[in-house]
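The values are calculated or read from the model by the stated rules, or taken from the named source; none is laboratory data. Bear in mind that the values here come from a model prediction, so they are computed numbers and not experimental data. Neighbour counts are summed over all protein chains in view; Cβ atoms, including those assigned to glycine, are modelled from backbone coordinates with ideal geometry.
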Amino acid sequence: MTDYNLFPGCVIPNRLPYLEDSARKTFEKLGIKTHDAPFNCCPDPVGFQSVHHKSWMALSARNLTIAEQDGRSIVSICNGCTQTLKMVNEELKHDDDAKEEMNAILKKIGREFKGSVEVKHFVQVLIEDVGVEKIAEQVTNPFTGMKVACHTGCHYSRPSSVMQWDDPMAPKFLRQLVEATGATAVDYDEEVLCCGAGVGNVEEEPAMHILKQKMDSAIAAGADCFVVVCPACFQQLDNNQRTLKKYFEKDYNIPILYLTELLALAFGHKYEELSLKLHRARPQALLEKYNAV
Amino acid sequence: MAVIDFEFRNSIIQHKEHLGKTLAYCYQCATCSGVCPVAQVTKGRYNPRKLILNSLLGLKDNLLLGAENNFNIWGCQVCDTCDEMCPQNVELTEVFVLLKNMSVKEGQAPDYYTTQAKFIQEHGKAIPLAPAIERRRDQMNLPKAPKVDKKEVQTLLKETGLEDIIGPVEKKEEAK
């Protein structure tokens, strides 16, 4: 098992700390050793990259040099951070001109990109370093019978030319991890549809239409909850069920769990302990059925 | 009526060698518009196929300027679905990132984008730690987040030229 530098990002530690808590508990249980480091913003592949591509690359490269100094690869618990760090890491590793240009900039702060570490999404670490069978062995509180709509989100595996992980249009590893807890991953039409958070930064209405499409499809397939692996998706799905009511006069109340929350619950942690009451769509009633409260 | 701007056209197709090459392979099949989640729900207000066509033609006004009731490039949420499905491997998202960068320079970016960039420039993070969250982290026994070296981040962003685009870090009045 490798030691990693944990890249928690901005959204999770500074807005949704309960997700970080569940990730740390899950990693500890599974023997994934992580270290904290003074990383800056990844930065956001949707926002900051669109403002100034070169600055986006430079800030990302700075993070990579911090991990290189520590001699540890990065495990990220956010899709956006994973995509930014991996895209820049791969470009600088494979394009000598880009690397030269970036190192001339990094020199001003006494840093140099070498290309000696990897960047991994935590789903990849769970699958490759631990494995589905070993995770299933640790389950003491199974979720047999619970129907889960898996939502990997966009930046988890796209663009596949760079991300090189899972199937970008038919992802399977999140489903395997969910099923390791005894739950059933349901098939639903809109599984690879984006959550809509990105366009929500510019205009709310289209973001709500996309979210509704996603939610209706999962609910029609009989899902009891969603399981997600990205904090932007988590916020869009959890915070905006009330907004959906405003647009469509329809009640939505479907719990959204982070994968690490589901795993921590399956390993015996409880509702209160994981601060699950902080979710907007309360998962209490659902989790009571599975002795997780 | 939109007018062809050759200089603008060249700045896109010559930006990077591979970008111009991939653009030229677009045969306007509209797979991108068909799979784009935003195009599906905006009734023609956002259309990636047209954005690629306008890029090839150099119709600057159709791309960068915030025409009434039109997202232009700002409807793109970088979900990378179009790149994944394009039969000609046109790197649409990369083209749109370039166009967005140009749009920012012309002062046409939606507020969200420049506000976030200013936060990152000032704090080194898109979301700085709030005291209420800090207390919550303590209650959860989460470790203190390591401090970001803001000075180093700002030096780096000066070097990349971000200041020329969004301005320098705003000086706050000294706390009394």
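Could you please give the count of residues in segment A:205-222 that are under 15 Å from A:E191 (Cβ atoms), touching a Gly at 6+ places or on another chain (Cβ under 9 Å) and aliphatic (A, V, I, L, M)? Before you say what the answer is, go through the steps one by one.
Here is the first cut: in segment A:205-222, the residues under 15 Å from A:E191 (Cβ atoms) are A:210-211, A:213-222.
Subset that is touching a Gly at 6+ places or on another chain (Cβ under 9 Å): A:210-211, A:213-214.
From what's left, aliphatic (A, V, I, L, M): A:210-211.
Count: 2.
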Give the residue, chosen from A:A232, A:A223, that is touching a Lys or Arg at 6+ places or on another chain (Cβ under 6 Å), buried (at least 21 other Cβ atoms within 10 Å of the Cβ) and either polar (S, T, N, Q) or over 19 Å from A:D167 (Cα atoms) (or both). A:A223
In segment B:105-120, anything farther than 18 Å from B:G161 by Cβ and not in a helix (DSSP H, G or I) is listed as B:Q108, B:P110
Subset of segment A:86-118 [aliphatic (A, V, I, L, M) and surrounded by fewer than 16 Cβ atoms within 10 Å (Cβ to Cβ)]: A:A104
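Working only within segment A:94-109, note down all residues that are in a helix (DSSP H, G or I) and out of contact with any helix residue (DSSP H, G or I) (no Cβ under 8 Å at 6 or more places or on another chain). Before the answer, list the steps.
Going through segment A:94-109, the residues in a helix (DSSP H, G or I) turn out to be A:94, A:96-109.
Within segment A:94-109, A:H94, A:D96, A:D97, A:E100, A:E101, A:N103, A:A104, A:K107 qualify.
Of everything in segment A:38-68 that's among the small types (G, A, S) and under 19 Å from the mean Cα position of the chain (by Cα), which residue is surrounded by the fewest Cβ atoms within 10 Å (Cβ to Cβ)? Give the steps one after another, and end with the answer.
Initially, segment A:38-68 is screened for residues among the small types (G, A, S), giving A:47, A:50, A:55, A:58, A:60-61, A:67.
Those left that are additionally under 19 Å from the mean Cα position of the chain (by Cα): A:47, A:60.
Numbers: A:G47: 24, A:S60: 29.
Selected residue: A:G47.
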If a residue must be farther than 24 Å from B:D80 by Cβ, in contact with a Cys (Cβ under 9 Å, 6 or more places away or on another chain) and without any contact (Cβ under 8 Å) to a residue 24 or more places away in the chain, how many such residues does segment B:91-129 contain? 3
What number goes with the only condition from (1) more than 29 Å from A:P231 (Cα to Cα); (2) part of a loop (DSSP other than H, G, I, E, B); (3) within 7 Å of another protein chain (Cβ to nearest Cβ); (4) not small (G, A, S) that B:P168 does not pass? (3)
Take segment B:100-127 and flag every residue that is over 14 Å from the mean Cα position of the chain (by Cα) and within 7 Å of another protein chain (Cβ to nearest Cβ). B:I120, B:G124, B:K125, B:A126, B:I127
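Taking segment A:40-55 as the region of interest, how many residues are within 7 Å of chain B (Cβ to nearest Cβ) and within 20 Å of A:R158 (Cα to Cα)? Before you say what the answer is, go through the steps one by one.
Restricting attention to segment A:40-55, the residues satisfying the condition of being within 7 Å of chain B (Cβ to nearest Cβ) are A:40-41, A:43-55.
When the remaining residues are screened for being within 20 Å of A:R158 (Cα to Cα), the result is A:43-50, A:53.
Total satisfying the criteria: 9.
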Only one of these conditions is not met by A:Y4: (1) out of contact with any Gly (no Cβ under 9 Å at 6 or more places or on another chain); (2) within 19 Å of B:E163 (Cα to Cα). Which number is it? (2)
Search segment A:177-216 for residues being in a helix (DSSP H, G or I) and touching a strand residue (DSSP E or B) at 6+ places or on another chain (Cβ under 8 Å), and hand back the single one that is surrounded by the fewest Cβ atoms within 10 Å (Cβ to Cβ). A:E179
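Only one residue in A:I74, A:I32 is surrounded by fewer than 24 Cβ atoms within 10 Å (Cβ to Cβ), under 26 Å from A:L174 (Cβ atoms) and either of a type outside the set (S, T, Y) or not assigned by TED's automatic domain parsing to the domain that holds A:S157 (or both). Which one?
When all the criteria are applied, what remains is A:I32.
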Inside segment B:1-56, the number of residues satisfying the requirement of being surrounded by 12 or more Cβ atoms within 10 Å (Cβ to Cβ), modelled with pLDDT of 90 or more and among the hydroxyl-bearing types (S, T, Y) is 5
Set A:G110, A:G153, A:G131: member being under 27 Å from B:K150 (Cβ atoms) and among the small types (G, A, S): A:G110
Considering each residue of segment A:149-174, count those that are among the β-branched types (V, I, T) and assigned to a helix (DSSP H, G or I), and give that number. 1
Looking at segment B:136-153, can you tell me whether even one residue there is at the interface with chain A (Cβ under 10 Å from one of its Cβ atoms) and crowded, with 21+ Cβ neighbours inside 10 Å? yes
With the structure loaded, tell me whether A:S22 is of a type in the set (S, T, N, Q), out of contact with any Pro (no Cβ under 7 Å at 6 or more places or on another chain) and in a loop (DSSP other than H, G, I, E, B) or whether it fails that test. no
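Collect the residues in segment A:110-148 that are of a type in the set (F, W, Y) and either in a loop (DSSP other than H, G, I, E, B) or free of Cβ contacts under 8 Å to residues at least 60 places away in the same chain (or both), keeping them in residue-number order. Show your work before the answer.
Taking segment A:110-148 and keeping what is of a type in the set (F, W, Y), we get A:113, A:122, A:143.
Within segment A:110-148, A:F113, A:F143 meet the criteria.
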Does A:T84 count as of a type in the set (S, T, N, Q) and assigned by TED's automatic domain parsing to the domain that holds A:V228? no
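Of all residues in segment A:1-19 being of a type in the set (A, V, I, L, M, F, W, C) and either at the interface with chain B (Cβ under 7 Å from one of its Cβ atoms) or not in a strand (DSSP E or B) (or both), which is surrounded by the most Cβ atoms within 10 Å (Cβ to Cβ)? Let's see the steps before the verdict.
Pass one, segment A:1-19, residues of a type in the set (A, V, I, L, M, F, W, C): A:1, A:6-7, A:10-12, A:16, A:19.
If we keep only those that are either at the interface with chain B (Cβ under 7 Å from one of its Cβ atoms) or not in a strand (DSSP E or B) (or both) too, we end up with A:1, A:10-12, A:16, A:19.
Values: A:M1: 10, A:C10: 28, A:V11: 22, A:I12: 24, A:L16: 21, A:L19: 26.
Of everything passing the filter in segment A:1-19, A:C10 is surrounded by the most Cβ atoms within 10 Å (Cβ to Cβ).
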Those residues of segment A:198-229 that are without any contact (Cβ under 8 Å) to a residue 60 or more places away in the chain, under 20 Å from the mean Cα position of the chain (by Cα) and over 14 Å from B:A39 (Cβ atoms) come to a total of 3
